[in-house]
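Down below is the structure, laid out as structure tokens.
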């Protein structure tokens, strides 16, 4: 039926998200979900919005939610854009802000949706190699470009740039939009959003899927100078006026307000991460330093595909990328301590 | 800050949806929402999904929802695509199926998002004039084109094509994708989805915002040959893997299953429409025949803008489009009988 397809469709290699298996009783450590549930206050707020008013459209400008985000991060509502998950926000960012005459730069090992967006919107890009320790080298981004995007911490490595390094990168690229994708920032890394006031070229993208345990709700947002936000609004309002529904809006606002739940659960994840890293190192794994809710680890004696398959046979799912440079690695989401225990025991058995 | 914008952003004139006022006590007849709430079973299903599992991503393929839609319309799940409201579905349709060497055709008076999508995706189009009675003339679409799209019933006129006319249009355009946007089909019009099996170029787009009273939830879908659906999936998976959240999925499935509630509420809307049309005609209005949950009416002695402003002063909001050919008209959503009463009384007073 391809004769009815627009040309671009033929060129696409869509992003493949981590498997969402329908089996129960799996130890699911493959898509970086939070092992703890969302704030009970978010569930309560959703229950409150679950009524006859669902017959009415949501506020297309999501003003209450923008205000809640602005309050949480000490910025203005006009510096906030919200969307149906940070993947949608990123898609609109690529379309609205990253298509220029010069190539977009991002790391060669990073969120694999970036090159997919480039194909969809016809954006020229260059993949900048990570250093041999899988770090982003800011000095590599001092070359002509039409924009820069990277996750901080980076995925799937978990390695991060300091705020000083990000500031240097912004100073070196005053004429380029610089997008810091902070999907995993809530697990120990410092957010760049404090730099928004000083850098009109900085856009910071967040999600409620990781630190706020709301992957099932689809809520992401971007923070930056009002000029950048206006571009996103213009494209969004040319694509879908109402991407954020009434329930997501209510749940997101309550989740952002419940600072206690947020801090308690992310600290639990960080503590589990520390323990898991120590145990994997005892088993001989090399584990990259991580500030994310996942770790990236390889074993000197066993291949990544082999380990992933062995875990799978034991009903434990982790992510393996069959790509150059990283095919030896497993990306393992930090689960509860009980889940980490099951994982470590399985690996012990497999390595024995 | 426009130096950071991608070129396309400068060229956009975003769609402006009907106002979503934050005042209470308004008679809101401006955005074609259903005056009756959604199925109580949908609210129940949402309540059931509102739990800790929101920490997990939804099924990216929305298989359960696709199956429910397929069952409701007697088609296969692979003939169904779902998205975050029919506006998102339409956006992906324009991008995936309607960009070709020859111009896209749609009526000159129609859903005003269509030309906005064309600007966003760089699609060449021709607006085909409605006839003097504001009807789509199928024979006007027998000209070289790269695709055809129209709402049935059309918006904001409410007028419709018969199934035989749509079939003729499909037969005359075997090499073009033909998209029938059935946002308003549930109020007396016949769906074209029975033609899907015979016409691989037919795509039918639906929403749960009107007939199912779930505008606040954001759920739309497309039905057509698996080849057309594959194009939509490819673009969706290059844009946002998870547009439909867990709550929307649960609510939508239950709403589609509750045929009784659906039939009862849409019949109530149709009955109110009949009464409202009769009363407006008594007041001297010309009312176009409508199969939608709105009517399009003009008064020989009063301008549309003047009437809309007068109603607004009386806390009644209707939609007025300051566009050539239709500036005399009001588009009035069918409310409850009580709301229609308030509207008619206000108009009586204004026309006295």
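Quick notes on this one:
- Those residues of segment A:105-117 which are in contact with a helix residue (DSSP H, G or I) (Cβ under 7 Å, 6 or more places away or on another chain) and either closer than 27 Å to residue A:215 by Cβ or assigned to a helix (DSSP H, G or I) (or both), in sequence order: A:106, A:113, A:117
- So residue B:187, is it closer than 30 Å to residue A:49 by Cα, more than 10 Å from chain A (Cβ to nearest Cβ) and out of contact with any strand residue (DSSP E or B) (no Cβ under 7 Å at 6 or more places or on another chain): yes
- Residue match in segment A:156-170 (condition: under 30 Å from residue A:243 (Cα atoms) and surrounded by fewer than 23 Cβ atoms within 10 Å (Cβ to Cβ)): no
- Every pair of residues 6+ apart whose Cβ atoms lie under 8 Å, when the first sits in segment A:246-272 and is farther than 30 Å from residue B:43 by Cβ while the second is assigned to a helix (DSSP H, G or I): A:266/A:186; A:266/A:187; A:269/A:187; A:270/A:187; A:272/A:337; A:272/A:340
- Residue within segment B:164-175 that is assigned to a strand (DSSP E or B) and free of Cβ contacts under 8 Å to residues at least 40 places away in the same chain present: no
- Residue match in segment B:281-300 (condition: over 26 Å from residue B:188 (Cα atoms) and free of Cβ contacts under 8 Å to residues at least 60 places away in the same chain): yes
- Candidates in segment B:37-55 are the residues that are more than 7 Å from chain A (Cβ to nearest Cβ) and buried (at least 19 other Cβ atoms within 10 Å of the Cβ); of these, the one that is farthest from the chain's Cα centre (by Cα) is B:49.
- Residue list for segment A:56-79, filter: assigned to a helix (DSSP H, G or I) and either facing chain B (nearest Cβ under 7 Å) or surrounded by fewer than 20 Cβ atoms within 10 Å (Cβ to Cβ) (or both): A:63, A:64, A:67, A:70, A:71, A:72, A:73, A:77, A:78
- Among (1) under 12 Å from residue B:169 (Cα atoms); (2) more than 14 Å from chain A (Cβ to nearest Cβ); (3) over 18 Å from the mean Cα position of the chain (by Cα) - the single one residue B:136 does not satisfy: (3)
- Conditions (1) within 20 Å of residue A:221 (Cβ to Cβ); (2) touching a residue at least 40 places away in the same chain (Cβ under 8 Å); (3) over 22 Å from the mean Cα position of the chain (by Cα); number of the one not met by residue A:63: (2)
- Any hit, segment B:248-258, residues being more than 9 Å from chain A (Cβ to nearest Cβ), surrounded by fewer than 19 Cβ atoms within 10 Å (Cβ to Cβ) and assigned to a helix (DSSP H, G or I): yes
- For residue B:220: the one exception among (1) within 15 Å of the chain's Cα centre (by Cα); (2) within 9 Å of another protein chain (Cβ to nearest Cβ); (3) under 18 Å from residue B:95 (Cβ atoms): (2)
No lab work stands behind these numbers, since they all come straight from the coordinates. Fair warning: this is a prediction, and the values are worked out from it, not measured in the lab. With ideal geometry, Cβ positions are generated from the backbone for all residues, glycine too; neighbour counts draw on all protein chains shown.
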